[in-house]
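The values are calculated or read from the model by the stated rules, or taken from the named source; none is laboratory data. Every value quoted in this text rests on a predicted model; they were computed, and no experiment measured them. Every residue, glycine as well, gets a Cβ built from its backbone with ideal geometry; the counts of neighbours run over all protein chains shown.
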Amino acid sequence: MTEKINDLLRRVEEFKPKAEAEIEEFRIRILGKKGELTALMEEFKTVSPELKRELGQKINKLKSRAMERVNELKASFKNTPASSSSIGDMTRPGTNDTIGSRHPIAVVKNEMLAIFERMGYTVADGPEVEDDWHVFSALNFPPEHPARDMQDTFFIQRSPDILLRTHTSSIQVRTMETHKPPIRVVCPGRVYRNESISYRSHCMFHQVEGLYIDENVSFADLKQSIEYFVKEFFGEDAVIRLRPSYFPFTEPSAEVDVSCVLCGGKGCQVCKHTGWLEIMGCGMVDPNVLESCGIDPKKYTGFAFGMGIERSAMLKYGVKDLRLFFENDVRFLNQFDSAL
Ligand code: PHE
């Protein structure tokens, strides 16, 4: 047995591979499960107890030497002539690990939610694939009503009842159905509309909508809340104006304009020289909606509002093309990280 061990040790020392692949073959032949060393170990079990100590040490030495040799040989093939030391050039500057950054839409969304959370709102979530009831019917869009055309909808082919939500108002319906007033929620999420893709519109985008229902909620509360949000988000100097508008689920309804964040209201290309930018829709929740969702409209009133995240992100960061948010070019995305 000693002879066998010595013979194998000699072959390990003398092995000179011509190609790297030979090393792995050699390793398997010697150290593999069915290799020569394993066979020796088996044989070792049968040797007399007096010899065990001496032979055991020899086999162990052989095994570690063989593993060492395999590693040495592998390393010698890896070292190109230019860097013969396995450590490499210690004076070369290191490469920094690149750390990912938050998507600008997430940054802006978190900032919006944080402002509403400070006002006592909680965040609610809901599905993107919805049914007609939660997106339209419960929100006072009668079947065949032309208001349904305001939001060009993607339907699921198999059922006209199932669709991609066109606004996160569907989450507000779900909240009203399952919670009793007072209700104060903000509903962020992705929405889909069958619109052509351009620098200012896309077939999917993100919204933050809000809902406040309690006794004696008035339009003055709505205006005050929006004003607070706008000043927190766009800055103290921002002012708002409300223009009458129409939504089936609110009455009265309004469109909120903010004084142009770029020119301060003097007029520029972005605000089309009007000094104002439209940022959200809002209004007092229509009593029909409250009723559909099981809330007594004689006892409770409420307001709702909704805005697009992309639009506000474009204004905040001066991004001129909405499509950039969806292309996931890291050179674009890296510019917006924040602690939020
Ligand atoms: N859901 C409306 C939209 O997506 C926005 C809105 C929400 C308007 C709440 C009024 C009240 O266009």
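Answer with yes or no whether Asp237 is away from the ligand (no atom under 13 Å from the Cβ) and either in the same structural domain as Glu130 (by TED's automatic domain parsing) or without any contact (Cβ under 8 Å) to a residue 24 or more places away in the chain (or both). Yes: the conditions hold for Asp237. Of all residues in the range 62-71, those being surrounded by 11 or more Cβ atoms within 10 Å (Cβ to Cβ) and free of Cβ contacts under 8 Å to residues at least 12 places away in the same chain number 2. If you go through the range 208-234 and keep only what is within 14 Å of the ligand (Cβ to nearest atom) and within 27 Å of Gly264 (Cβ to Cβ), you end up with Val208, Gly210, Leu222, Lys223, Ser225, Ile226, Phe229.
Taken as a whole, the structure leaves Gly318 outside the set of residues that are in the same structural domain as Ser169 (by TED's automatic domain parsing) and buried (at least 19 other Cβ atoms within 10 Å of the Cβ). Would you be able to say whether some residue in the range 150-169 is touching a Pro at 6+ places or on another chain (Cβ under 9 Å), small (Gly, Ala, Ser) and away from the ligand (no atom under 14 Å from the Cβ)? No, the range 150-169 contains no residue that is touching a Pro at 6+ places or on another chain (Cβ under 9 Å), small (Gly, Ala, Ser) and away from the ligand (no atom under 14 Å from the Cβ).
In the range 60-67, the condition of being assigned to a loop (DSSP other than H, G, I, E, B) and out of contact with any Gly (no Cβ under 8 Å at 6 or more places or on another chain) is met by no residue.
The test for being touching a Pro at 6+ places or on another chain (Cβ under 6 Å) and within 12 Å of the ligand (Cβ to nearest atom) holds for Phe141.
A single member of Val289, Val270 is β-branched (Val, Ile, Thr), in a helix (DSSP H, G or I) and surrounded by 14 or more Cβ atoms within 10 Å (Cβ to Cβ), and it is Val289.
When the residues of the range 297-316 are filtered to those that are more than 19 Å from Gly283 (Cβ to Cβ) and aliphatic (A, V, I, L, M), the one that is modelled with the lowest pLDDT is Leu315. Tallying residues that are closer than 30 Å to Val173 by Cβ and of a type outside the set (Phe, Trp, Tyr) within the range 286-340 yields 30.
Among the residues of the range 254-276, those identified as touching a Cys at 6+ places or on another chain (Cβ under 7 Å) and within 16 Å of the ligand (Cβ to nearest atom) are Ala254, Val256. All conditions in (1) within 16 Å of the ligand (Cβ to nearest atom); (2) more than 19 Å from Phe136 (Cβ to Cβ) hold for Met314, with the sole exception of (1). Would you mind stating whether Ser198 is away from the ligand (no atom under 13 Å from the Cβ) and either in contact with a strand residue (DSSP E or B) (Cβ under 7 Å, 6 or more places away or on another chain) or more than 21 Å from Met119 (Cα to Cα) (or both)? So Ser198 passes the test.
Ala75 meets all of the listed conditions (1) without any contact (Cβ under 8 Å) to a residue 40 or more places away in the chain; (2) not in a helix (DSSP H, G or I) but one, namely (2).
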